[in-house]
Amino acid sequence: MDDSDVTVIRVLCIHGFRQTALQLKGRTRALEKRLRQYVRDHSNGRYRCELVFDVEGPHALPHIVAKDGGDVVGSKPRRAWLVTKEQYNHIDDGAWVHNPNQFLMQTEGWRESLDVLDGHLDRHGPFDCILGFSQGAAVAGYLAVRESARPPVQRRFKSVIIISGAL
């Protein structure tokens with residue numbers, strides 16, 4: 001069987017809060033390997049699974065600093081789909097101290113995130129599936145509900161995988 005006979009299953013992967021697409025790719029390598037192997041083995045080579053890591057939240061986040069004022073963790077800005085009002089309004093310049101209840105305050109910036117995701121789905125879709133991790137799982141859940149209202153022939157993806165998400 002040559003490559004022209006193989007159907008590619010495309011999975012768009014959506015990162016979580018304070019991550020990047022590249023970080024999610026690194027953290028899901030084992031899952032990607034298993035999915036590829038499973039699809040290949042259970043389809044007699046007729047299908048191939050491709051995880052796509054090319055979309056990022058539009059909100060850049062400040063670096064994390066330990067509560068004791070210690071070293072900054074990481075050097076590349078991390079991204080988010082939803083942020084706090086302070087982050088959205090750029091009130092918190094520079095470093096940020098971790099708050100375990102932060103996810104309860106992440107309510108801003110959704111319009112920009114939705115614009116990024118809709119644009120990406122329109123330009124690069126359709127996908128067979130969306131995989132969301134953490135904050136990206138909540139985003140994927142919302143997108144799935146919204147996408148289900150479209151006529152089936154206009155849907156930009158067919159299914160969703162939610163990992164460690166809160167809705």
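A crude spin-label estimate for the pair GLN37 and THR107, with each label 7 Å from Cα along the Cβ direction, gives 4.5 nm.
Restricting the calculation to Cα atoms, segment 115-166 yields a radius of gyration followed by a Dmax of 10.5, 30 Å.
Summarising the amide proton neighbourhood of GLN19: residues at separation of 5 or more, or on other chains, whose placed amide H is nearer than 5 Å comprise ARG79.
Every number in this text was worked out from the coordinates using simple rules, so none of it is lab data. In this text, all values refer to a predicted model and were calculated from it rather than measured experimentally. With ideal geometry, Cβ positions are generated from the backbone for all residues, glycine too; neighbour counts draw on all protein chains shown.
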